[in-house]
Amino acid sequence: MSFILLIAAVIGGVLLSAQSSVNGALSRKAGTYESAFLTFATGTLVLFLLILFFGKGDVLALLDAPKWQLSAVWFGVSYLFLTVLAVPQIGVIAANISTVIGQLSAGIIIDHFGFFGGAQISLDWKRGLAIVLMLIALRLIYVGNKKSVEKSTSKAA
């Protein structure tokens with residue numbers, strides 16, 4: 001089962017990259033807010049149908065959750081909006097590796113302190129080195145992107 005979940009996560013990552021690219025292109029045509037709105041409106045409709053047919057039947061139970069847990073909705077909204085904003089400017093790969101660096105950095109801090117009831121896993125030199133190497137990778141990708149853009153604009157001129 002773990003292998004299937006790993007494959008599902010990889011597929012989710014592929015879909016996320018595709019969504020970033022398509023939403024970035026759509027935002028150039030229709031606008032950043034409009035692109036984010038379409039994504040969330042569609043997601044709302046799909047989730048409404050899933051809740052209707054497969055849900056536990058008590059949507060109001062969400063209001064019984066601790067208020068700090070409800071704040072998570074703003075993280076998803078912010079992520080999508082910032083991605084739609086960034087992709088047209090810096091490209092899909094730079095936006096995605098920046099996202100991964102942010103996720104892993106936050107994950108390391110959350111694990112280190114055991115926030116939100118998770119397992120407490122200390123920060124060690126290997127985890128720190130992993131973040132440093134990803135920052136180096138981001139720098140190389142960003143510089144490569146800038147050179148590609150400069151090269152293509154000089155050919156167009």
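The values are calculated or read from the model by the stated rules, or taken from the named source; none is laboratory data. In this text the structure is predicted, and so the values were computed from the model without any measurement. Neighbour counts are summed over all protein chains in view; Cβ atoms, including those assigned to glycine, are modelled from backbone coordinates with ideal geometry. Calculation scope for accessible area: heavy atoms of the full protein, side chains included, ligands and nucleic acids excluded. Shrake-Rupley method; radii C 1.70, N 1.55, O 1.52, S 1.80 Å.
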Lys, Arg +1 and Asp, Glu -1 on Cβ, resulting dipole of segment 6-116 about Cα centre, debye, nearest 20:
220
Relative contact order of segment 91-134, pairs being alpha-carbon contacts under 8 Å that are 6 or more residues apart, as %:
31
Around L50, under 15 Å between beta carbons, what's the net of Lys plus Arg minus Asp minus Glu among the other residues?
0
Percentage relative contact order, segment 27-106, counting C-alpha pairs under 8 Å, at least six apart
40
If r is the Cβ-Cβ distance from L50 to V14 and R0 is 22 Å, what FRET efficiency results, to the nearest 0.05?
0.55
Within the chain, which DSSP H helices have Cα atoms that stretch 30 Å or more along the helix axis and a mean Kyte-Doolittle hydropathy of at least 1.0?
2-30, 32-54, 92-113
Enter the accessible area of T42 (Å², nearest 10), with the probe set to 1.4 Å and all protein chains included.
70
Based on alpha-carbon centroids, what's the gap between segment 14-31 and segment 88-141 in Å, whole number please?
23
Go through (1) 1.03; (2) 1.15; (3) 1.07 and flag the label whose value is the computed Rg/Rh (Cα atoms, Kirkwood Rh) for this structure.
(1)
What is the magnitude of the charge dipole of segment 115-157 about its Cα centre, with +1 placed on the Cβ of each Lys and Arg, -1 on the Cβ of each Asp and Glu, and no other charges, expressed in debye to the nearest 20?
240
Identify, among G144, Q19, V92, the residue whose Cα sits farthest towards the positive end of the charge dipole of the chain, taking +1 on the Cβ of Lys and Arg and -1 on the Cβ of Asp and Glu, with the dipole about the Cα centre.
G144
Charge tally for neighbours of I101 with beta carbon under 13 Å away, counting Lys, Arg as +1 and Asp, Glu as -1, is +2
